[in-house]
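Structure first, commentary second.
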Amino acid sequence: MVVIGTVHRPHGLKGEVSAELVPGFPGELKAGSKVTWVGGERSRPLTVAAARPHAGRLLVFFEGVEGVDAARELSGGSLCVAEAPPAPPDFYYSHEVAGWSCEDPSGRALGVAAAVEETPAGPLLSLETPEGRTVLVPFVRPLIVEIDRDGRKIVLDLPEGLLDL
């Protein structure tokens, strides 16, 4: 399962929810889209009845979710799909980069990518160093020099001292 978004809270009284897709997600939610809602140990299949943009998020009605109480049960859960749509150039899923080797431009090993974390300030690469520390690196150019999807490798040009923070 691939997480494509998060349900935040009910919107109104009829069962609509506010949801946010993973930033840069190459797909869309529209009427007829099938997703799986996952919250803790629980999950349930859902079909989108309607979706519309609102204040930087989506307002979504799911079939069978009627009323604010039913919508509230979805709050905080993840929206998942069985298979992610193909990623466009320069888009990388967090699960995709996990385990990729990271090195500097000279080929020196910096560690292994654990994930790409979305933050309000932008995406951060979670890097596990050879010393066992976790370092968060802005996942932006020019720090990201090259990404080799086939070779499962990321080349980073980091400012001096970043790995010491």
*Per DSSP H run of n ≥ 4, the term is -39500 (n - 2.57); total these for the chain, divide by its residue number, and report the mean residue ellipticity at 222 nm rounded to 500 deg cm²/dmol.*
-1000 deg cm²/dmol
*Just in region 97-143: which GluC sites (Glu not before Pro) are loop by DSSP and have at most 11 other Cβ atoms within 10 Å?*
131
*Out of every Cα-Cα pair in region 3-54, what percent are more than 14 Å apart?*
58 percent
_Fewest-first sequence of 156, 136 by Cβ atoms within 10 Å of each Cβ_ = 136, 156
*Would you work out the charge dipole size for region 2-81 about its Cα centre, treating the Cβ of every Lys and Arg as +1 and the Cβ of every Asp and Glu as -1, and quote it to the nearest 20 debye?*
100 debye
_Given an 8 Å cut-off on Cα distances and at least 6 residues of separation, report the relative contact order of the chain as a percent._
19 percent
*Give me the compactness ratio for region 12-98, meaning the Cα radius of gyration over 2.2 N^0.38 Å.*
1.12
*Along principal axes, Cα extents of the chain, largest first, whole Å*: 57, 30, 29
_Reach of residue 14 by Cα under 24 Å, taken over lysines that are not fewer than 8 positions away in the same chain_ = 30, 34
_What are the equivalent ellipsoid semi-axes of region 94-164, built from the alpha-carbon gyration tensor (square roots of five times its eigenvalues), in whole angstrom, biggest first?_
15, 14, 13
_Per-q log10 I(q)/I(0), region 48-119, q = 0.11, 0.16, 0.21 Å⁻¹ (Debye; single scatterer per alpha-carbon; no solvent)_ = -0.50, -0.83, -1.11
*Electrostatic dipole magnitude of the chain [Cβ: Lys, Arg +1; Asp, Glu -1; Cα centre; debye, to 20]*: 640 debye
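FYI, it's all coordinate maths here, none of it is from the lab. Worth saying up front: this structure is predicted, and the values here are computed from it rather than measured. Every residue, glycine among them, receives a Cβ derived from its backbone with ideal geometry; neighbour counts consider all protein chains shown.
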